[in-house]
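See below for the structure under consideration.
The values are calculated or read from the model by the stated rules, or taken from the named source; none is laboratory data. From a predicted model like this one, the values you see are computed outputs, not experimental measurements. Reconstructed Cβ throughout: ideal geometry from the backbone, glycine too, with neighbour counts over all protein chains shown. Surface accessibility is based on the protein's heavy atoms, side chains included, excluding ligands, DNA and RNA. Shrake-Rupley method; radii C 1.70, N 1.55, O 1.52, S 1.80 Å.
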Amino acid sequence: GCQRSYVGVATIQSLETGRRYCSAKCFNSDTKLLRRSKRSERAKFGNDIIFDSLEKGEKCSKYILGVKPFVDATEWDIVSTNKVYLPSSDDIGHFLRVECQAVTVDGRVAAQATSKESPSVVAFPKPAPQRELRVTNQKQIAQLGLNSNSSVRVLSYNILAEIYANQQIYPYCPMWALSWKVRSMILLREIRAYGADIICLQEVQKDHYEQFFYKEMDSLGYSGVYTAKTRVASKVDGCYTLFRKSKFRLLDSKNLEFNSIAKTMARNNAFTSGNDAVNRLCKDNVAQVLILENLTSQVGQKICVTNTHIFWDPDYSDVKLWQAHMLLQELEPVARDKIPLILCGDFNSMPSEAVVKMIKEKRVNEGAVKDPCAVLPALHTLKHSIDLVSAYESVTGQEPKFTNYTGHYTGTLDYIWVSQNNVVPFQTFLVPEVKALRGDNDTPLPNACFPSDHIALCIDVNILSSPYQQQQYKVAKETNRRRFGGF
């Protein structure tokens with residue numbers, strides 16, 4: 001019968017929730033109520049059983065909110081009597097019913113059968129459109145005698161933790177596409193396709209690292225270090241830095257917990273506002289600093305890889321700047337030792353904002369941020385000596401138009417920075433155009449083909465291992481700048 005009015009015979013069924021209705025009017029009324037409450041128990045149940053195992057050859061399913069004539073129970077076809085059933089391509093577009101019935105040892109029915117039904121089965125989403133590769137500096141790099149051993153592919157990706165993936169934030173994304181069971185498979189497929197040597201992930205939930213990523217990435221030939229944010233919660237996300245075991249060996253690693261740094265500074269009377277400063281700065285963010293040895297280099301080349309996720313709130317630009325400043329101070333000795341440096345992360349800052357300006361220009365202009373709790377020293381003293389360039393901008397001539405594209409925000413927040421005297425970016429995957437991102441369903445991120453609200457950055461760089469190469473590159477870069485205005 002109708003599951004809204006509880007009177008009348010059901011004639012239609014929702015493809016979104018599986019609920020039955022006696023009329024189109026009843027269906028439309030209930031749909032508005034369900035959208036308003038942002039929940040559907042049947043949709044939640046359906047997450048466990050409606051996905052087939054296909055990864056190739058299927059079209060990306062469309063999220064259709066509509067009706068279909070209800071199929072009477074006498075018309076159901078038995079597809080399996082096993083306890084476990086894996087939907088196949090034959091089930092796409094159909095409903096599934098799981099029916100259980102208690103029987104005695106001799107086969108007699110002991111109780112009335114109970115059943116649950118799924119929404120319409122959908123195909124596993126097709127891979128996202130292939131991204132365009134942009135190459136630059138290739139002729140000049142070849143002149144330096146660099147080969148494939150010196151080339152390293154770096155991936156930085158905020159993968160959207162499950163604790164933040166809900167329909168309150170992303171109402172345009174269907175429940176099944178937001179579920180971790182589906183997104184984890186799409187994320188793994190995407191990460192594997194990039195074939196990166198170094199991977200810096202943000203918003204990796206701790207339980208997903210332990211139960212999914214550790215095993216899967218190990219099977220793909222990666223090792224890594226995971227660092228959770230410092231807040232106390234049942235589920236927490238963090239940073240996960242990985243490297244290809246056949247190419248790198250971990251020499252040393254250090255975790256930076258910004259909460260601990262703030263508390264230590266407070267004990268040393270670094271803040272005039274005392275507890276107010278500590279409370280403002282303690283946002284649980286972390287960073288990782290890894291020193292790797294390149295096993296393919298004949299000179300035992302070291303590389304420093306850093307991964308971070310800076311605080312998100314636009315009203316806390318002082319906290320963002322403080323976190324970035326603390327991280328750069330930690331990296332100063334690495335730069336002095338002339339170790340090639342790769343700094344990845346979600347910096348939650350646009351190119352015009354203070355964090356990016358400081359990284360790029362090595363200083364901060366007066367009045368760049370408000371500092372209500374005096375957590376920062378005088379802005380003119382916020383400096384660093386590390387020569388860093390944006391890898392994406394170095395290849396393309398500008399930052400991407402956006403790396404975060406949702407229904408409520410669009411902006412460039414993610415970066416891969418490299419030390420400009422010994423790391424040479426020469427190739428990058430371009431950020432896709434809006435039309436490609438919105439896909440068949442014409443929605444922002446996340447959606448059925450793109451599992452995160454962020455877009456991965458993937459850069460190919462050459463590591464200059466010898467002082468001779470570094471000097472030659474410096475000369476070539478200066479010559480090219482004079483001739484053509486850039487390198």
* What ³J(HN,Hα) values, in whole Hz, does the Karplus curve 6.51 cos²θ - 1.76 cosθ + 1.60 give for region 193-203 when θ = phi - 60°, with x put for Gly and Pro? -> 5, 5, x, 6, 8, 10, 10, 10, 10, 10, 6
* Structure fact -> Of 167-178, 301-312, ordering from highest average Cβ density within 10 Å down gives 301-312, 167-178
* Asked: Could you give the accessible area per residue of region 267-321, probe 1.4 Å, as a whole number in Å²?
  -> 44 Å²
* Arg231-Asn275 FRET efficiency (beta carbon distance; Förster radius 22 Å; 0.05 resolution) -> 0.75
* **Karplus-derived 3J(HN,Hα), 6.51/-1.76/1.60, for each residue of region 251-262, Hz, glycine and proline x** => 9, 6, 8, 9, 9, 9, 9, 5, 4, 5, 4, 4
* Asked: Amide H to amide H, which residues 5 or more places from Leu343 or on other chains are under 5 Å from it, using H placed in the peptide plane?
  -> Thr306, Trp417, Val418
* Asked: In the structure shown, do any of Lys320/Lys362; Lys254/Lys357; Lys245/Lys338 have a Cα-Cα gap over 18 Å, and if so which?
  -> Lys254/Lys357; Lys245/Lys338
* Keeping the other protein chains in place, figure out the carbon and sulfur percent of the accessible area of region 305-364, with a 1.4 Å probe. => 48 percent
* Asked: If you keep only loop residues by DSSP, which GluC sites (Glu not before Pro) in region 341-400 have at most 10 other Cβ atoms within 10 Å of their Cβ?
  -> Glu366
* Asked: Each residue of region 342-349 in order: what ³J(HN,Hα) in whole Hz does its phi give by Karplus 6.51 cos²θ - 1.76 cosθ + 1.60, θ = phi - 60°, with x for Gly and Pro?
  -> 10, 10, 10, x, 9, 8, 6, 9
* With every protein chain left in place, what is the accessible area per residue of region 186-236 in square angstrom, probe 1.4 Å? -> 43 Å²
* If each of Ser352 and Ala378 carries a label point 7 Å out from its Cα toward its Cβ, how far apart are those two points in nm? -> 2.9 nm
* To do: Estimate the FRET efficiency between Ser80 and Val135 by the formula 1/(1 + (r/R0)^6), using the beta-carbon distance for r and 45 Å for R0, to the nearest 0.05.
  => 0.30
* **region 175-221, accessible surface, carbon-and-sulfur percent (1.4 angstrom probe)** => 52 percent
* Along Cα→Cβ, 7 Å out, is where each label goes; now give me the distance between the ones at Asp440 and Val475 in nm to one decimal. => 5.7 nm
* Asked: Please identify the trypsin sites (Lys or Arg not before Pro) of region 356-394 that satisfy two criteria: DSSP loop assignment and at most 11 other Cβ atoms within 10 Å. Which are they?
  -> Lys370
* Partner aspartates and glutamates for Lys435 [C-alpha distance under 17 Å; skip if fewer than 8 residues away on the same chain] -> Glu132, Asp453
* Asked: Taking the DSSP beta bridges in region 290-387 as the whole, what percent of them are antiparallel, to the nearest 5?
  -> 40 percent
* To do: Could you pull out every residue, at least 5 positions away or on a different chain, whose amide H is within less than 5 Å of the one on His94? Hs are placed 1.01 Å off N in the peptide plane, and Pro or chain starts have none.
  => Val121
* Structure fact -> Residues whose modelled amide H sits under 5 Å from the amide H of Asn447, counting only those 5 or more places away in sequence or on another chain, are Ser452
